[in-house]
Amino acid sequence: MNSPLDLTRRRFFGDVSTGLMGAGLIQLLGGEYVSAAGDLTVKWSPGSGKPHFPAKAKRVLQIFCPGAASHMDLWEHKPMLEKMDGKPLPGEENMVSFQGKNGPLMRSPWAFQPAGESGKMFSSMLPHMAQHVDDIAFFHGMTSKTNTHGPGCVFVNTGHATEGFPSAGAWTSYALGSLTDNLPTYVALPDVRGEPPNGKANWSNGFLPARHQAIVMAAHQPIRNLERPEGVSAAEERGTRGLLDFFNRRHASMRPEETELQARISAYELAAKMQMSAPEVSNFASEPKHIHQLYGTDSNNELKAAYARNCLLSRRLLERGVRYVNLYCASRASGVDGLLNWDAHKTLKHDYERHCPVFDQPTAALLTDLKQRGMLDDTLILWTTEFGRMPTRQEGTAGRDHNPDGFTLWMMGAGVKGGTSYGATDDFGRRAERNPTSVWEYYSTVLHLLGLDYEKLSWYHNGLDRRLTDVHGKVIRQVLA
């Protein structure tokens, strides 16, 4: 049996004929792809780093709060809830939602206060985040296709309610490629409490080449096996890598359809480079004391300190060239509603008085830090959750049930018009009433800020040109600076 390294006569002529066909194709398509001077000029190609048009943002930080964080308790003030607390929701007195029958309307347990120069009414439970209100564009009329956590998280991350589709970070990686050659293009940082509902499907590459899936790391989850084994010199390691690279690339060239193989080779190459870069980026010893105090990494609240360290790691990743960072605050549901995430079915006040302090200071510190370093000029910040919550109390409880018909997402940073609110739910927060907005429109706007045309960014899969925005989309220009 011949070695796969042998260059056979048949393979030689096969390669030559393929090359000639490619040259002929370029000649035939010359009017579309070749300039008058004869130079090859492709306007946009995946991973080239060149967008469809001039971009405002070149990197993204997406903060995700799993469990469906309540819009009318955090971001969207509803005075009518205060006025009609304890009374039936007009027109839906016998409403049955995800977990059953709903009781009367329930006001927010916390007061709202005007914040910033815009005077935006903001929950008193988020005093640190209130400092950034004039930089944020709120989408108060969001809607979802599902009221279930797993599909809801996947829907907000991928634009589809079923698994198997690429996340927004994977699409960005595919479209724009890397900003650095020694760190991943796309990183997901799960919470110390665990992964979100539906786990890795939230940062999957879907049907895109496997190299576009996120690399998972976190301050509490160091990357394993980065050190060179004892007894192996640096020269031996370099020689071994070179030989492996030769065999890998030769093997992959004969199987171009196997994208997982290409991704594995790229992963090994990146892992070698990360032997130097990863320990440095996750070593907080170089950060001054005032930065640790700003984030709260020294907090006595262990959950807050762990999340704060992930926030600090996010900043260090972004400033070192990571293109897209998914940062999670909370995890999947547990046997006790609202214990590990924002799913406050029974005891909303108690649950959020646990979650808000974990989220508030570290997140606000991350935004402050990015702003002080001038990184908000080209960094887009997204805050997301899978859906909202009902304005009523769940029957027999002091909590709220799921509400996919109205909730809030927001964005800030590069190209975003701060101090704005687009859309709104009704007087009670029950349904998106003014400028209802879909996840597809939200991501159309995100892609636009990245210099990408949401209708042109696609991948042919199972007979269709698939997009992050499915067959929908519209850029919400009212939130653009």
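The values are calculated or read from the model by the stated rules, or taken from the named source; none is laboratory data. All figures in this text were calculated on a predicted structure; none of them were measured in a lab. FYI the Cβ positions are ideal-geometry reconstructions off the backbone, even for glycines, and counts take in every protein chain you see.
Points to keep in mind about this one:
- The set of residues in region 448-481 that are part of a loop (DSSP other than H, G, I, E, B) and of a type in the set (Lys, Arg) comprises Lys456, Arg467, Lys474.
- Within region 188-211, tally of residues that are among the charged types (D, E, K, R) and either assigned to a helix (DSSP H, G or I) or not assigned by TED's automatic domain parsing to the domain that holds Leu340 (or both): 2
- Matching residues in region 162-171 - criterion: being outside any helix (DSSP H, G or I) and crowded, with 24+ Cβ neighbours inside 10 Å: Phe165, Pro166, Ser167
- When the test is whether a residue is among the hydrophobic types (A, V, I, L, M, F, W, C) and either buried (at least 21 other Cβ atoms within 10 Å of the Cβ) or outside the structural domain of Arg211 (by TED's automatic domain parsing) (or both), Leu313 passes it.
- Residue pairs whose Cβ atoms lie under 9 Å apart, separated by 6 or more positions or on different chains, with the first residue in region 64-84 and not assigned by TED's automatic domain parsing to the domain that holds Gln394 and the second of a type outside the set (Gly, Ala, Ser) and at pLDDT below 95, do not occur.
Residues are listed down the side, and each one gets a yes or a no for (1) assigned to a helix (DSSP H, G or I); (2) touching a residue at least 60 places away in the same chain (Cβ under 8 Å); (3) more than 15 Å from Val446 (Cα to Cα); (4) not assigned by TED's automatic domain parsing to the domain that holds Glu319:
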| site | (1), (2), (3), (4) |
| --- | --- |
| Met125 | no, yes, yes, no |
| Gln131 | yes, yes, yes, no |
| Ala137 | no, yes, no, no |
| Gly141 | no, yes, yes, no |
| Ser144 | no, yes, yes, no |
| Asn147 | no, yes, yes, no |
| His160 | no, yes, yes, no |
| Ser173 | yes, yes, no, no |
| Thr180 | no, yes, yes, no |
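- Scanning region 103-123 for residues being within 21 Å of Thr347 (Cβ to Cβ), touching a residue at least 40 places away in the same chain (Cβ under 8 Å) and buried (at least 19 other Cβ atoms within 10 Å of the Cβ) gives a total of 3.
- Check on Pro114, in the same structural domain as Phe387 (by TED's automatic domain parsing) and either of a type in the set (Lys, Arg) or in a loop (DSSP other than H, G, I, E, B) (or both): no
- Considering Arg241, Arg264, Arg228, the condition of being over 29 Å from Ser204 (Cβ atoms) and either at pLDDT below 75 or not in a loop (DSSP other than H, G, I, E, B) (or both) is satisfied by Arg228 alone.
- For region 448-458, filtered to residues that are surrounded by fewer than 19 Cβ atoms within 10 Å (Cβ to Cβ) and not acidic (Asp, Glu), the residue that is nearest to Gly152 (Cα to Cα) is Ser458.
- Residue in region 86-96 that is buried (at least 17 other Cβ atoms within 10 Å of the Cβ) and outside any loop (DSSP other than H, G, I, E, B) present: no
- Filter result (assigned to a loop (DSSP other than H, G, I, E, B), among the polar types (S, T, N, Q) and modelled with pLDDT of 95 or more) within region 44-85: Ser70
- Residues that are in a helix (DSSP H, G or I) and surrounded by fewer than 14 Cβ atoms within 10 Å (Cβ to Cβ), drawn from region 294-310: Glu302
- Evaluated against (1) surrounded by 24 or more Cβ atoms within 10 Å (Cβ to Cβ); (2) part of a loop (DSSP other than H, G, I, E, B), Thr445 falls short on exactly one condition, (2).
- For region 385-411, taking the residues that are polar (S, T, N, Q) and crowded, with 24+ Cβ neighbours inside 10 Å, the one that is nearest to Glu93 (Cα to Cα) is identified as Thr392.
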